[in-house]
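The values are calculated or read from the model by the stated rules, or taken from the named source; none is laboratory data. Being a predicted model, the structure only gives us computed values, none of them experimental. So basically every Cβ, Gly included, is an ideal-geometry build from the backbone, and we count neighbours across all protein chains shown.
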Amino acid sequence: MERSYFSKGCRGEIVIRLQQALQQQGFAPPVLVKFVDGDFGEKTATAVRGLQEARGFTASGEIDARTWNAALDAPLPSLFERALQLTADFEGHGFGLAQGNFDGAGITWGIIGFTLAGGELQRVMQEIDRRAPGTVDAAFGALAPEWRSVLAKKQREQIAWADGISLGTSKARLPPPWVQVFARLGALPVTQQVQIDAAREKYFEPALRSAQRLGLHTERGIALCFDTHVQSGSVRPEVFQAAADFPAGATEGDRLPLLAQAIAQAVSRPQFRADVLARRMCIATGSGRVHGADYKVASWGLGLFRAE
């Protein structure tokens with residue numbers, strides 16, 4: 001029996017690609033107004049079964065390698081793409097979502113939340129300008145001059161500006177015109193590719209090195225390190241120290257929950273430890289509840305399989 005990679009409960013850009021392919025091949029239920037929504041629910045499972053029956057496959061409603069190839073005629077999404085999809089869902093971001101100064105980061109935007117405070121947002125914008133000059137200004141329209149003036153300021157001034165336009169007691173929201181221009185920019189293929197490349201270079205490649213130091217070789221182990229690098233910036237030295245004392249001979253499946261606990265304990269601000277622990281334990285154990293949503297990590301294409 002072939003391994004299932006994606007199934008009900010999965011969400012994100014990979015699901016959108018799948019749904020678009022199913023719709024193009026005529027397997028989307030015609031009564032539905034919106035089929036392509038990035039949410040692998042029953043309607044998507046029904047369409048997948050239709051494709052599988054038409055090809056003579058077992059009609060499981062889940063995506064194995066053969067079904068993916070029949071739908072898209074493309075290789076399965078890489079481990080990086082699968083880990084990115086899960087972490088992006090934890091982060092609550094798509095390519096175009098922009099949020100205000102709710103956490104002191106100024107503006108947070110994009111697939112894994114690039115921030116003004118961290119400098120990632122500025123670097124992503126510079127790379128978009130380099131690859132496709134004029135794209136940012138066209139997307140921002142009348143707001144482009146103000147945005148350019150913000151980017152030219154010192155970081156503390158950028159944060160102050162973002163705080164000044166952020167709305168609500170939590171400062172999480174931006175004014176609708178700013179939400180719209182960031183969404184418009186995030187919808188462009190060049191912008192999405194820049195974000196993906198940035199996530200790979202800044203977070204996934206360092207996560208691979210952390211996983212190697214920790215002796216992790218499975219998809220879930222690497223995904224755990226990636227989620228840690230995205231949320232916390234790195235795997236902290238005390239985590240490596242704690243890992244050195246784990247029981248000798250323990251399997252990776254046994255060690256991952258211990259790592260999740262060590263990572264949460266190493267968080268410097270106690271108010272964030274519960275969230276960090278929920279995310280890491282979800283990946284470490286294969287299931288869990290994060291931000292009010294239930295996750296089964298295998299449905300996102302991540303298991304205790306050796307990473308290729």
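For the reader, a short list of remarks on this structure follows.
- CYS282 being at pLDDT 95 or above, under 27 Å from LEU121 (Cα atoms), in a helix (DSSP H, G or I) and of a type outside the set (S, T, N, Q): no
- Residues being closer than 15 Å to LYS171 by Cβ and either over 26 Å from the mean Cα position of the chain (by Cα) or at pLDDT 95 or above (or both) are represented in the range 145-158 by at least one member.
- Taking helices (runs of 4 or more DSSP H) as the structural unit, those lying wholly within the range 1-83 and holding at least 2 residues that are surrounded by fewer than 15 Cβ atoms within 10 Å (Cβ to Cβ) and modelled with pLDDT of 95 or more correspond to 42-55, 65-72.
- Each residue in the range 85-119 was checked for being among the acidic types (Asp, Glu) and within 30 Å of PHE6 (Cα to Cα), and 2 pass.
- Residue match in the range 110-122 (condition: touching an Asp or Glu at 6+ places or on another chain (Cβ under 7 Å), at pLDDT below 95 and of a type in the set (A, V, I, L, M)): yes
- Subset of the range 246-265 (residues that are assigned to a loop (DSSP other than H, G, I, E, B) and surrounded by fewer than 15 Cβ atoms within 10 Å (Cβ to Cβ)): PRO247, ALA248, GLY249, ALA250, THR251
- The range 97-139, subset among the polar types (S, T, N, Q) and in contact (Cβ under 8 Å) with a residue 40 or more places away in the chain, residue nearest to VAL190 (Cα to Cα): THR135
- Within the range 1-28, residues that are within 14 Å of ALA45 (Cβ to Cβ) have Cβ atoms under 7 Å from residues that are among the basic types (Lys, Arg) in these pairs: GLY9/LYS296, counting only partners at least 6 apart in sequence or on another chain.
- Within the range 163-191, being farther than 14 Å from ILE107 by Cβ, crowded, with 18+ Cβ neighbours inside 10 Å and under 16 Å from the mean Cα position of the chain (by Cα) holds for one residue alone: THR191.
- Residues that are basic (Lys, Arg) and buried (at least 18 other Cβ atoms within 10 Å of the Cβ) were ranked within the range 266-280; the one that is farthest from PHE102 (Cα to Cα) is ARG280.
- Beta carbons closer than 9 Å, at least 6 apart along the sequence or on distinct chains, pair a first residue in the range 233-245 that is part of a helix (DSSP H, G or I) and surrounded by 13 or more Cβ atoms within 10 Å (Cβ to Cβ) with a second that is modelled with pLDDT of 95 or more and polar (S, T, N, Q) for VAL239/SER210; VAL239/THR228; PHE240/SER210; ALA242/GLN261.
- Search result, residues across the range 209-218 that are crowded, with 17+ Cβ neighbours inside 10 Å and either touching a residue at least 40 places away in the same chain (Cβ under 8 Å) or of a type outside the set (Ser, Thr, Tyr) (or both): ALA211, LEU214, LEU216, THR218
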